[in-house]
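S.K.: Quick one: this structure, given as structure tokens, is what I'll be asking you about.
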Amino acid sequence: MKKEKRSLFNLIFGNKQDKQKAQNTYLKMLNSYTPIYTTVGKNYSDYYLIKTCINTIATHGAKMLPKHIKNTKGNVIPFDGEINYLLSKKPNPWMNTYDFLYKIITILYKYNNAFVFIHKDNTGMITGFYPIEAGAYELWQDEKNEIYLDFKFINGQEYILPYKEIIHLRRFYDSHELYGDPNDSLKAPIEVANTAMQGIDNAIKTSSYLRGILKFTQNMLKQSDLVKFKDNFVKDFMNIENESGIAVLDQRAEFQEVNTSPVTLTKEQLAYTKENIYNYFNINEDIIRGKFTDDEWNAYFESVIEPLSIQLSLEFTNKIFTKEAVQDGHKIIFSVDRIQYAKTTTKIQMLKELAILGLYTVDEARAIMDMSPIGGDEGSKRIQTLNVINTDIADQYQSGKNEVDTDDKE
């Protein structure tokens, strides 16, 4: 049976190439910046330290849970529909939600621009979400001043889509009107870090070699004889079978060792080269190694994960729903359980404090402590301490209205 080769390009965009022929002019920028953004030569994530930073952020960010909700007069109602299923379970045929978010965040931090194609059927219903990583992107406009984005892939294929129908996430959104700035600021820290690593590598290699001068005590007229003598000495001394590390010379020559101590960075200097890269990503080594404290996690959450969740929520909401649907309360949120990373003692203290206000049920408390739910009426019981009473009851008590009328009782 002959296997048919199918194009991933066609699986995402369809068989028809919708080129929007009316789009015949580049979008003119306000500050004369080019409407073209290329990823070629802009990927610095091959450097191991940067790849580690991006992986850590994407790993924690991918734990967020996308939800379609509807906020009606302060009442938040989960909206269980096709969009919620796609975002929370399977955004496209070959990605689950974790992979989908990991991919988006990774692309975002690699290039400071990430694009998600919203796939719709012939009726306009959303049927999938696809992260798109192209070699270059071009902004076009038509005669009606509608903006389009042209995806140009490295294999020569391209596809043009209305910009208003593409989810676009940005970092360092500074110089350009629509694109995030590239990670060119990483060039210098990477060069310093690479130089430091090369220095260490050279130091290791240098320590493995014998360096010196062969001084001949007898006149040797031919240059070829000098070279041959040197080569034999090197071959004898560097022979892998010479485990003693001792070479033999006769009276014709003597060996004078030359000590060359390579310059390497100190421990503090090496730490400084790493810190420059860590600071660029608002991260530290304890977060990367999973050794963070509650305070470190909270700082990392508030500086990295929370802003990312807000950015995702706003962009997905605005590109998925119409203006009328947004005004009606429809929204996409990306939630992450920050309590999950707290220490057990912190969780217990938090449960004690929240119990005063009766803000959680038995099963919610068990979930915080990483315990399985009980379910039923027992699991849905609300936990509250007896230290707090209803304000109406307190007012009655203080005014004496709750005292029993003894005459009536008699």
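The values are calculated or read from the model by the stated rules, or taken from the named source; none is laboratory data. If you're wondering where the values come from, they're calculated on a predicted model, not measured in any experiment. Neighbour counts run over all protein chains shown; Cβ positions are idealised from the backbone, glycine included.
S.K.: Determine which member of the set Thr39, Thr56 is out of contact with any Cys (no Cβ under 8 Å at 6 or more places or on another chain), polar (S, T, N, Q), at pLDDT below 90 and closer than 26 Å to Tyr179 by Cβ.
M.R.: From the options Thr39, Thr56, the qualifying one is Thr39.
S.K.: What about Tyr179, is it touching a Pro at 6+ places or on another chain (Cβ under 9 Å), modelled with pLDDT of 65 or more and either surrounded by 15 or more Cβ atoms within 10 Å (Cβ to Cβ) or on the phi > 0 side of the Ramachandran plot (or both)?
M.R.: So Tyr179 passes the test.
S.K.: Also, I was wondering about something else. Give region 61-94 a look and list any residue that's more than 23 Å from Pro307 (Cβ to Cβ) and of a type in the set (A, V, I, L, M), or say none.
M.R.: Once the filter is applied, which keeps residues that are more than 23 Å from Pro307 (Cβ to Cβ) and of a type in the set (A, V, I, L, M), region 61-94 yields Ile77, Ile83, Leu86.
S.K.: Follow-up. Of all helices (runs of 4 or more DSSP H) completely enclosed by region 35-130, which ones contain at least 3 residues that are surrounded by fewer than 17 Cβ atoms within 10 Å (Cβ to Cβ)?
M.R.: 48-61, 82-88
S.K.: For the condition touching a His at 6+ places or on another chain (Cβ under 9 Å) and small (Gly, Ala, Ser), what is the one hit in Gly128, Gly124?
M.R.: The conditions single out Gly128.
S.K.: Where the second residue is at pLDDT below 55 and in a loop (DSSP other than H, G, I, E, B) and the first is under 12 Å from Ala355 (Cβ atoms) and lies in region 372-393, which pairs have Cβ atoms under 9 Å and are six or more apart or on separate chains?
M.R.: none
S.K.: Assess whether Arg366 counts as being surrounded by 12 or more Cβ atoms within 10 Å (Cβ to Cβ), under 25 Å from Leu87 (Cα atoms) and at pLDDT below 85.
M.R.: Taking the combined requirement at face value, the residue does not satisfy it.
S.K.: Which condition does Asp174 not pass, out of (1) touching a residue at least 40 places away in the same chain (Cβ under 8 Å); (2) assigned to a loop (DSSP other than H, G, I, E, B), if it passes all the others?
M.R.: Of (1) touching a residue at least 40 places away in the same chain (Cβ under 8 Å); (2) assigned to a loop (DSSP other than H, G, I, E, B), only one is false for Asp174: (1).
S.K.: From the list Lys51, Lys90, which one is over 17 Å from the mean Cα position of the chain (by Cα), in the same structural domain as Asp150 (by TED's automatic domain parsing) and not β-branched (Val, Ile, Thr)?
M.R.: After ruling out the rest, the residue left standing is Lys90.
S.K.: Also: Which fully enclosed helices (runs of 4 or more DSSP H) of region 210-303 have 1 or more residues being of a type in the set (Ser, Thr, Tyr), surrounded by 12 or more Cβ atoms within 10 Å (Cβ to Cβ) and at pLDDT 65 or above?
M.R.: Passing ranges, in order: 267-280, 294-300.
S.K.: For region 33-68, name all the residues that are under 18 Å from Ser175 (Cβ atoms) and of a type in the set (S, T, N, Q).
M.R.: Answer for region 33-68, where residues must be under 18 Å from Ser175 (Cβ atoms) and of a type in the set (S, T, N, Q): Thr34, Thr38, Thr39.
S.K.: For residues that are surrounded by fewer than 13 Cβ atoms within 10 Å (Cβ to Cβ) and assigned to a helix (DSSP H, G or I), scanning just region 315-325, find the one that is nearest to the chain's Cα centre (by Cα).
M.R.: Lys323
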